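Have a look at this one.
The values are calculated or read from the model by the stated rules, or taken from the named source; none is laboratory data. Fair warning: this is a prediction, and the values are worked out from it, not measured in the lab. Backbone-built Cβ (ideal geometry, glycine too); neighbour counts: all protein chains shown. Areas reflect the complete protein model, heavy atoms only, side chains present, ligands, DNA and RNA absent. Shrake-Rupley method; radii C 1.70, N 1.55, O 1.52, S 1.80 Å.
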Amino acid sequence: MERIVTIAVLIALAAVPLLASVFDAPFYLDLFGRVMIYAIAAISLNLIMGYGGMVSFGHAAFLGLGGYAVGILAKEGIDSGFVQWPLAIGSCALFALLTGLVVLRTSGAYFIMITLAFAQMLFFLFTSLAEYGGDDGLTIWTRSDFAGLIDLNDGASFYYLIFALLLACLGISARLIDSRFGMVLRGAKANERRMQAIGFPTFRYKLAAYTISGAMCGLAGALLANQAEFVGPSVLHWSRSGEILVMVVLGGMGGVAGPVLGAATYLLLSYFLADLTKHWAIIMGPLLILVVLFARGGLLGLLSGRRAKTDAP
Amino acid sequence: MKARTIALAAAFALSAALPALAADKVKIGYVTTLSKGPAAIGKQMQDAVELALDHLGKKMGGLPVEIVYADDEFDPEIGKLRSEELVKKDKVDFVSGFIWSNVLLQARQPIFKANTFLIGSNAGPHELAGKECSPWFFSTSWQNDQMPEAMGKYMTDAGIKRVYVLSPNYPAGRDMVAGFKRYYKGEIVGEILTPWPQHADWSAEFAKIRATEPKPEAVFVFYPGGAGINFVKQYAQAGLKDTIPLYNVFTTDSTTLKAQGDAALGLLSTMSWGADLQNDANKRFVADFKKKYGYIPSFYAAQAYDSIMLIASAVKAVNDKIEDKDAVRKALKASDFASVRGQVKFNNNHYPIENFYIQEVVKDADGTYDTRIKGTVFLAHADSYGAKECKMK
Amino acid sequence: MSDILLRAEGITKRYGGILACDNVGIELRAGETHAVIGPNGAGKTTLLAQLAGEIAPDSGRIHLGARDVTDLRAPERAALGLGRSFQITSVFREFTTRQNVALAVQAHDGHSFRFWRKARTDAALIEPARAMLDRLGLGDRAGVPAALLSHGEQRQLELAMALATKPRVLLLDEPMAGMGAADSERMTQLLSALKSEAALLLVEHDMDAVFALADRITVMTYGRVIATGTPAEIRANQVVRDAYLGADEAA
Amino acid sequence: MTALLLIEQTLNGLQLGVMLFLMSAGLTLVFGIMNLINLAHGSLFMVGAYCAALFLEWTGSFVLAALLALPATLLVGLIIEIVVLRTLYERDHLDQVLATSGLILFFNEALHLVGGAEALYLDLPPFLKGQVKIIPGSPYPLYRLVVIAVGLAVALGLYLLVTRTRTGMLIRAGASNRTMLSALGVNVRLLFTAVFGLGAMLAGLGGVMAGPIVSVQSGMGENVLILAFVVIVIGGIGSIRGAFIAALLIGLIDTMGRAFMADLMGLVMSHTAAQTAGPTIASMLIYLLMAGVLFFRPQGLFPPRGR
């Protein structure tokens, strides 16, 4: 069931540009492009949260850092995507690596809050960077330039690039969690003490996973900045971290496709509900609660028939 | 894959190259905040737009008008997405609204790229006034700096020698301080930039003001929205209101006065419009607004009303040929409409050249709080960026 | 001297006002099965955790072979050949039985920064795991999620995982806990077959198993070692009889 | 002069601290005992303030409004405990995060509908409006002293409740070892509901007392919620004592940072640079503190024993 839904969702996403051109509705490229970018961010969070048990409440920090890397380079006149994107990903990886040395000393709620702490520090830092727009944010006048290889200014090309990267991230995380490395990560989530007793120095594997996740989210940040042609501190506000987290949990953490499902559902639902009424939150809120109460394991759980009530241990 | 992309690109190119058809109606996208915290402002703007349509008989020139409201949810990203939707899906002829600088700055690109006019009816960031000024942008409000400039002038003229300055630590806040300094000639004895937006308690700052020697004669602040409510209440509670007079910009307006209550009474601020401004358009606007909605409009409402009226004047001037963008731009630039702000011209960067007034918070006979114009500070005041940095003529 | 594989001296561990271990010394010789017994709260499990490197002692030294491992953490000691099983079954419930053992094999098959190849089909992990499961009689349960195994089977799996790390020294925390008589009997046979492979340090309450398996026995009460000796010596030791065995036999 | 300023800022820090304590006390208990991450705790703060504002409009008396707002918040708290949260105690933390963030969305919008889009009016009665000259030369707002007094009184009351009563003993037992409770034959469900109600009422009290100081509007609880989480994490989850000390610590550090950071940095850098960097560092200060504390004590300052 999960497989069928995943494939259906991916096929639907692949068909968006076609439908958009047939019905002359290019706006949907932006809408669904944004959905896919957040899906990548959610996949990256799921990698450490769903498989490594590391609940990050500061993942938007990477979204923002990746975006600012593109924005700042663009402002300094470096438009080449071959420079911007590796730097965006690299700086996120580095930030994850360095903060990981600290945050991974804690676990549980303490981990949640210390990841938030680092994201907040970054938030205040960018808010005060008057040179790069500060609170107003930074306009990106030209999208990343890939030397004619692909033109990000063309709606469909950019869309398919995002789509390809989404597939790549899905593929990478699917391989990753089944690899030896993934087994260590999952083992550490289930029982870290046991993992250490059989000889795994779990800290370094968790740190590696945290770094990979940060890098992947940095890619999403670079994409988002290019799509928005803008980057501002609101991208790394804690409420954004909360939203990414909600997407992952909503979609379900039992499979790699959960985050895609979650991001699509959360963003599209709030979008269409907001079209319906400005009081959309009063519908959205209870919907989230109902998902928790009646589906164990998020939407993915709902699809595979894991009902909350019958799953009592 | 590649072939399909090319086909798609061709399709897009084709649709863009089609000759523009004559318009059968005027479609305006109106972006504002309708949900979350600051929805009160969005509601005022929406009410004002509806009133403008009433006054226009729902027609601009010979064309019927359709307004598409979009909620930016107080989030720049959503604001940008909705703007994109307006120009690409709804294919509006004009976009207007925008309360917040950061939302406007993020949302403008897709609007400009779609060759659509953007009539900002509140936010006035300096970027759009200076180096990044755009032929597609017009403002029916002000450039951020103009308001504190007026206050700086007023306080200099009033002979106030020593001022303490407080403002949030973000670009608009720093712009406000810079604008104030541009025209204030006395001594600034202290200046604090407080964190934004989470700062909610000024007791520490008040203690510093009180401890300043020699004693400041006045305090100048910029705290918009909810922060302004907090600030004004706490300033009065600290007993400072009666000892050191408070002057502000954007801190006391009709969206905040109810919650500020007596704490705001007597406070002075500068503004380019007031409900008691004496001109025919404004009298009609305020009277009808009160009658229709039962409350006093704020400057947000006035500027929103003007934005619709400006568009209407342009549509009429080009004889409904709104597809002729150059003609429309010329007509907009002419600013040939009865503004509720009185005589208004556009600067080279399309920000208004207008009057600025000093106004005081008063309590009406029926117990509601309101502002009264006390005098004029600037006549036909232009912003300081247009001439210096904007290359448009 | 060289035949001593694990030696702890002067181990002291304090929790608030309670002395969990008070100057404990213990030695484990090659080829030996050494049991630690004592009433609940005697500090046996705390001692085991310190030997394994999960808890740092307040004072005292621990040697693994000739090497001082006091400052090494659990994974490092495991890499040096120290295996352990837990009192409370701690297998990975979501993984299959085979995956559980394969994970233990993986721990000692170089680093795990291998991101691409599927671990599930990695012969270098699967084959040793299969062999280990066959040996412990769990071969036909290899594909079953560990959560679905019976309690006895889970204890066997626990042992299989410890063994898969090819330890020189194996610390076993109550391997018979919660088992019925038949399962206990099977486990006793399994353990005695292990003697040639690794030295065993065994914490156990099941006295039949202890006296059947152990070459030497250390008795602890209130965090202190009160006696060490062969089963016969311990049986005859008056102090032990008074403090521990006597009470047990009376009950 | 500077000494007087220091004293005044200490009072300010104390006042912020006790407000944070009111928010954190319930949060840390609910988290520590029921193992529930309740993001909607900030909504209860908001409900308290809204109730006070609405009751003030209705009765015209601030005291009456405040007194009515407490049971009203309690009632709202009990309703969400029974309808939603009760089923979440045994669930994953992340399920709790999802459900309670749903509650936030709901409450923000519901109060928006009830109270209107504009911020509500909640002003002090004349007898609380004055200033007191406890420090020579600088009058201090009476109301803030009242806030400090009420906050400290509540802290004392909680201390007595937790250390001197049977309920308190159960609460402590629950915070350090949850499974023990049912073994003791306690009606766990009732105890949980009572603890949650208590926490809700304290958050409501925080909202009522903050109402006259800050603007009463939808979404007002969220920033306070984040600060409260910072407090309970620094203090050690489940520890009332830790929450109290951490709340005061955060209150003082935040206030002192705002008051003196720019000047302090002015000593080592140019005035304008200090004026911009100062506030930035000041707003990061509490997060730096949290990261620092957790680095050296990953379980916070006062982790309840046995976890």
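What distance in nm separates the simple spin-label points at D:Leu64 and A:Met1, each placed 7 Å from Cα in the Cβ direction?
5.7
Name the shape class, rounded, prolate or oblate, that the alpha-carbon gyration tensor gives for the range D:9-218, where a ≥ b ≥ c are the square roots of its eigenvalues, rounded holds for a/c under 1.5, and otherwise prolate holds if a/b is larger than b/c and oblate otherwise.
Details: a/c = 2.26, a/b = 1.41, b/c = 1.60.
Since a/c reaches 1.5 but b/c is at least a/b, the shape of the range D:9-218 is classed as oblate.
Using alpha carbons only, how many degrees (0 to 90, rounded to 10) separate the axis of helix B:225-237 from the longest principal axis of chain B?
In chain B, helix B:225-237 runs at an angle near 10 degrees to the longest axis.
Right, next: Would you list C:Trp116, D:Trp58, B:Trp100 from the most to the least accessible area, probe 1.4 Å? Intermediate values should be presented prior to the final figure.
Details: C:Trp116 145, D:Trp58 190, B:Trp100 55 Å².
Largest accessible area first, the list is D:Trp58, C:Trp116, B:Trp100.
Relative contact order (percent) for the range D:57-170, with alpha-carbon contacts under 8 angstrom and 6 or more residues of separation? Kindly include the intermediate steps, with their values, before the conclusion.
Working: 32 pairs, mean separation 15.9, N = 114.
Reported relative contact order: 14 percent.
Output the 0 to 90 degree angle, nearest 10, between the alpha-carbon long axis of helix B:2-17 and the longest principal axis computed from the alpha carbons of chain B.
Result, in degrees: 80.
At D:Leu190 and C:Val239, where each label point lies 7 Å from the Cα along Cα→Cβ, what is the point-to-point distance in nanometres?
5.2
Now for a separate question. Check B:Tyr30: other-chain or 5+ apart residues with amide H under 5 Å from its amide H, H built from backbone geometry?
Hits under the 5 Å cutoff: B:Val68, B:Tyr69, B:Ala70, B:Ser96.
What residue among A:Gly71, A:Gly251, A:Gly108 has the largest mean-square fluctuation in a Gaussian network model of chain A, using Cα springs under 10 Å?
A:Gly108
Place +1 on the Cβ of every Lys and Arg and -1 on the Cβ of every Asp and Glu in the range B:269-312, take the dipole about the Cα centre, and give the residue among B:Tyr295, B:Asn279, B:Leu310 whose Cα lies farthest towards its positive end.
B:Tyr295
Per residue of chain A, what 222 nm ellipticity follows from adding -39500 (n - 2.57) for every DSSP H run with n ≥ 4, rounded to the nearest 500?
Details: 13 runs with 225 residues, N = 313.
It lands at -24000 deg cm²/dmol.
Still on this structure, please answer the following. To two decimal places, what compactness ratio does the range D:165-307 give when its Cα radius of gyration is scaled by 2.2 N^0.38 Å? Mind dumping the intermediate values first?
Values: Rg = 19.2 Å, N = 143, 2.2 N^0.38 = 14.5 Å.
With N residues counted in the range D:165-307, Rg over 2.2 N^0.38 Å equals 1.33.
Let me know the Rg and Dmax you get for the range A:1-49 when you use only its Cα atoms, in Å.
Looking at the range A:1-49, its Cα Rg and Dmax stand at 12.9, 40 Å.
Which shape class applies to the protein assembly as shown: rounded if a/c is under 1.5, otherwise prolate when a/b exceeds b/c and oblate if not, where a ≥ b ≥ c are the square roots of the Cα gyration tensor eigenvalues? Intermediate results must be reported in sequence, preceding the final value.
On the way: a/c = 2.46, a/b = 1.67, b/c = 1.47.
In terms of gyration-tensor shape, prolate.
Return a whole-number percent for the relative contact order of chain A, with Cα pairs under 8 Å and 6 or more residues apart as the contact set.
On the way: 498 pairs, mean separation 98.1, N = 313.
Once divided by the residue count of chain A, the mean separation gives 31 percent.
Which pairs in the list B:Lys59/B:Lys258; B:Lys333/B:Lys391; B:Lys185/B:Lys215 are over 25 Å apart, alpha-carbon to alpha-carbon?
Values: B:Lys59/B:Lys258 35 Å; B:Lys333/B:Lys391 16 Å; B:Lys185/B:Lys215 17 Å.
As for pairs spanning more than 25 Å Cα to Cα, those are B:Lys59/B:Lys258.
Got a number for the accessible area of A:Trp280? Probe 1.4 Å, square angstrom, nearest 10.
Its heavy atoms expose roughly 10 Å² to the probe.
Something else now. Could you tell me how many degrees, from 0 to 90 and to the nearest 10, lie between the Cα long axis of helix B:76-88 and the main elongation axis, the longest principal axis, of the Cα atoms of chain B?
In chain B, helix B:76-88 runs at an angle near 30 degrees to the longest axis.
While we're here: For B:Glu323, list long-range residues whose amide hydrogen, built 1.01 Å from N in the peptide plane, is under 5 Å from its own amide hydrogen.
B:Ala23
Exceeding 21 Å between C-alpha atoms, which entries from my cross-link table qualify? They are B:Lys345/B:Lys393; B:Lys58/B:Lys345; B:Lys161/B:Lys208; B:Lys233/B:Lys283; B:Lys36/B:Lys131.
B:Lys58/B:Lys345; B:Lys233/B:Lys283; B:Lys36/B:Lys131
How high is the FRET efficiency between C:Ala131 and C:Ala79 when r is their beta carbon distance and R₀ equals 22 Å, given to the nearest 0.05?
Values: r = 21 Å, r/R0 = 0.97.
After rounding to 0.05, the efficiency reads 0.55.
Please give the residues of the range B:91-113, grouped as numeric ranges, whose backbone N is less than 16 Å from a label point set 7 Å along the Cα-to-Cβ vector of A:Phe23.
B:91
Quote the Stokes-Einstein diffusion coefficient, in whole µm² s⁻¹, for chain A, based on the Kirkwood radius over alpha carbon pairs, a temperature of 4 °C and a viscosity of 1.567 mPa s.
Numbers: Rh = 19.9 Å.
Estimated via Stokes-Einstein, D reaches 65 µm²/s.
If you wrap a convex hull around the Cα atoms of the range C:92-148, how much volume per residue is inside, in Å³?
Normalising the Cα hull of the range C:92-148 by residue number yields 78 Å³.
Then there's this: Using label points projected 7 Å from each Cα along Cα→Cβ, tell me how many nm separate A:Ala164 and B:Arg182, to one decimal.
Calculated label separation equals 4.8 nm.
C:His111 accessible area, nearest 10 Å², 1.4 Å probe?
My reading of the accessible area for C:His111 is about 100 Å².
Let me ask something additional. Put +1 on the Cβ of each Lys and Arg and -1 on the Cβ of each Asp and Glu in the protein assembly as shown; which of A:Val292, D:Tyr143, C:Val225 then has its Cα farthest toward the positive end of the dipole?
Among A:Val292, D:Tyr143, C:Val225, the one farthest towards the positive end of the dipole of the protein assembly as shown is C:Val225.
What accessible area, in Å² to the nearest ten, does a 1.4 Å probe give for A:Thr265?
For A:Thr265, the solvent-accessible surface is approximately 50 Å².
Round to the nearest 0.05 the FRET efficiency obtained for B:Thr376 and D:Arg86 when R0 = 51 Å and r is the Cβ-Cβ distance. Let's see the in-between values first.
Details: r = 63 Å, r/R0 = 1.24.
After rounding to 0.05, the efficiency reads 0.20.
Under unit Cβ charges (Lys, Arg +1; Asp, Glu -1), what dipole magnitude, rounded to 20 debye, does the protein assembly as shown have relative to its Cα centre?
Working: 110 positive and 105 negative charges, 149 e Å.
So the dipole magnitude of the protein assembly as shown works out to roughly 720 debye.
Let me know the shape class of the range A:192-313, please: from the alpha-carbon gyration tensor, a ≥ b ≥ c as square roots of the eigenvalues, rounded when a/c is under 1.5, otherwise prolate if a/b is greater than b/c, or oblate.
Numbers: a/c = 2.62, a/b = 1.16, b/c = 2.25.
Note, shape of the range A:192-313 comes out oblate.
Could you list, by residue number, the cysteines of the protein assembly as shown that have no other cysteine's beta carbon within less than 4.7 Å of their beta carbon?
A:Cys92, A:Cys169, A:Cys217, C:Cys21, D:Cys51
Can you work out the FRET efficiency for the pair D:Met269 and C:Val144, with r the C-beta to C-beta distance and R0 = 41 Å, to the nearest 0.05? Before the final figure, lay out the partial values.
Details: r = 66 Å, r/R0 = 1.61.
Plugging the Cβ-Cβ distance into 1/(1 + (r/R0)^6) gives 0.05.
For chain D, what relative contact order do you get, as a whole percent, if you take Cα pairs closer than 8 Å and at least 6 residues apart? Intermediate results must be reported in sequence, preceding the final value.
Numbers: 457 pairs, mean separation 106.3, N = 307.
Across chain D, relative contact order equals 35 percent.
Using unit Cβ charges (K, R positive; D, E negative) and no other charged atoms, how large, in debye to the nearest 20, is the dipole of chain B about its Cα centre?
Details: 48 positive and 45 negative charges, 151 e Å.
The calculation lands at about 720 debye.
Taking the dipole about the Cα centre of the range D:9-218, with the C-beta of Lys and Arg at +1 and of Asp and Glu at -1, give me whichever of D:Gly185, D:Gly130, D:Gly211 is farthest to the positive side.
Positive-end residue among those listed: D:Gly185.
Sticking with this structure for a sec: Heavy atoms only, probe 1.4 angstrom, no DNA, RNA or ligands counted: give me C:Phe113, A:Phe124 ranked by accessible area, highest first.
On the way: C:Phe113 75, A:Phe124 15 Å².
Of C:Phe113, A:Phe124, the descending order of accessible area is C:Phe113, A:Phe124.
So, with +1 on the Cβ of K and R and -1 on the Cβ of D and E, and no other charges, what is the size of the charge dipole of the range A:2-303 about its Cα centre, to the nearest 20 debye?
Taking the Cα centre of the range A:2-303 as origin, the dipole is about 1480 debye.
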